[in-house]
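Take a look at the structure set out below.
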Amino acid sequence: MDLRHARTFVAVAELGTVSRAALRLHIAQPALSRQITALEHELGLKLFDRIGRRLVLTGEGEQLLSDCRVLLNYASAIDERAQLLKRGDTGVLKVGASPQHIESVLSTFLHLYAQRYPNVQIKLIEAAGLCTMKMLERGEIHLGQNLAHIVDPNDQRLASLSLQHVDLLAACHPSVMLSKTRTIEISKLAPYPLLLLNSSFVVRKSFDAACRLANLKPNIFLESHTPHTLLALAEAGHGVAIIPSQLRIRHHKLRIVGVAYRGKPLREGMVILWNRRRPLPGYAKAYCEMLAKHVREIFPITRPSDPPFEAEHVPVSRKSP
């Protein structure tokens, strides 16, 4: 099979239209259409049905899609292995990570890595959740940071290295007495308006699951995809923000407590992932090992506040008249 035809087939299947696929592959639409036709003739199969302006995979096309992705990954791996033999510790490393991870971890880590591997060019891509997994599958990144909850432990395509865990924290104005200790049971959040990350965040899904277990119907004041918006509202006294301990809190005066369910902290493991089918260069393996060490040293980024000081009542002695 011509690898160009395989790339064209995968691009059209993922994007759904010839025009979008042509833009991704930087070729003219007529040429792309001819490649699809040539591949169908070569295989003796119809791969797409046209529905309106979109191309939808046929049943046969669905079954061939994953095989073509594997073929392209292997072809890419052969090329990369040849490059590795030539360049040693020089190359490009594409890393997908969440904005919070980039801000709180990579902003300091990348300098440390560059001191050891000055000839490696790091390319960062903002990605989280399922988006990271898809980018690894398509070979668009070498490494992807993610929370372990979203990774299927039975998926043999991915390998991973643990990077500590992320706790769920409650942040509020210092005048709000959430708890006299460093933690609060999730059920005790019921009276407070809550400032939550939206459902695209894995930690939000974990919080919702814990609410169901605790029979808590949260009083949601705002859902946002921007964590620092929640912090600003919490500091202004508009509610309690539920945030991950990976989030760096700067210039905000807040009381922070850990969120627990039946005495156990709500937390998610964090991992760095890669595709087993794609050989990692030595500098990528070193990146994972150095990152794990760095995370152990700096985590958690945000910790619960010390319990508020409460002065003991001391009786005042009165002088005799």
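List the number of the failed condition for residue 103; all other conditions in (1) assigned to a helix (DSSP H, G or I); (2) surrounded by fewer than 16 Cβ atoms within 10 Å (Cβ to Cβ); (3) among the charged types (D, E, K, R) hold.
Going through (1) assigned to a helix (DSSP H, G or I); (2) surrounded by fewer than 16 Cβ atoms within 10 Å (Cβ to Cβ); (3) among the charged types (D, E, K, R) one by one, residue 103 breaks only (2).
For the subset of region 60-74 comprising residues that are free of Cβ contacts under 8 Å to residues at least 60 places away in the same chain and under 27 Å from the mean Cα position of the chain (by Cα), which member is least open to solvent (accessible area, probe 1.4 Å)?
Ranking the qualifying residues of region 60-74, first place goes to 65.
Kindly provide the set of residues from region 133-151 that are open to solvent by 60 Å² or more (accessible area, probe 1.4 Å) and in contact with a Gly (Cβ under 9 Å, 6 or more places away or on another chain), ordered by number.
Listed by number, the residues that qualify are 140, 149.
Spot the failing condition for residue 37; the list is (1) open to solvent by 40 Å² or more (accessible area, probe 1.4 Å); (2) under 28 Å from residue 118 (Cα atoms); (3) outside any strand (DSSP E or B); (4) at pLDDT 90 or above, and only one is missed.
Of the numbered conditions (1) open to solvent by 40 Å² or more (accessible area, probe 1.4 Å); (2) under 28 Å from residue 118 (Cα atoms); (3) outside any strand (DSSP E or B); (4) at pLDDT 90 or above, the odd one out for residue 37 is (2).
Can you pull out the strands (runs of 3 or more DSSP E) entirely within region 206-293 that have at least 2 residues that are under 19 Å from the mean Cα position of the chain (by Cα) and on the phi > 0 side of the Ramachandran plot?
No strands (runs of 3 or more DSSP E) qualify here.
Restricting to region 177-198, give me the number of residues that are at pLDDT 90 or above and either outside any loop (DSSP other than H, G, I, E, B) or within 18 Å of residue 231 (Cα to Cα) (or both).
Of the residues in that region, 14 qualify.
Among the listed residues 138, 116, identify the single one that is on the phi < 0 side of the Ramachandran plot, modelled with pLDDT of 90 or more and more than 13 Å from the chain's Cα centre (by Cα).
So the residue among 138, 116 that is on the phi < 0 side of the Ramachandran plot, modelled with pLDDT of 90 or more and more than 13 Å from the chain's Cα centre (by Cα) is 116.
Would region 50-59 turn up any residue that is part of a helix (DSSP H, G or I) and either touching a residue at least 40 places away in the same chain (Cβ under 8 Å) or more than 30 Å from residue 117 (Cα to Cα) (or both)?
Checked against the condition, which is being part of a helix (DSSP H, G or I) and either touching a residue at least 40 places away in the same chain (Cβ under 8 Å) or more than 30 Å from residue 117 (Cα to Cα) (or both), region 50-59 yields at least one hit.
How about region 12-29: which of its residues are surrounded by fewer than 19 Cβ atoms within 10 Å (Cβ to Cβ) and touching a helix residue (DSSP H, G or I) at 6+ places or on another chain (Cβ under 9 Å)?
14, 15, 19, 20, 23, 24, 25, 27, 28, 29
Got a sec? Which of 200, 175, 245, 187 is buried (at least 20 other Cβ atoms within 10 Å of the Cβ) and among the small types (Gly, Ala, Ser)?
Going through 200, 175, 245, 187 in turn, the sole match is 245.
The values are calculated or read from the model by the stated rules, or taken from the named source; none is laboratory data. These numbers were taken from a predicted model, which means no experiment stands behind them. Quick reminder, even Gly has a Cβ in these numbers, built from the backbone with ideal geometry, and neighbours come from all protein chains shown. Ligands, DNA and RNA are stripped out before the accessible areas are found, and what is left, the full protein with its side chains, is counted by its heavy atoms. Shrake-Rupley method; radii C 1.70, N 1.55, O 1.52, S 1.80 Å.
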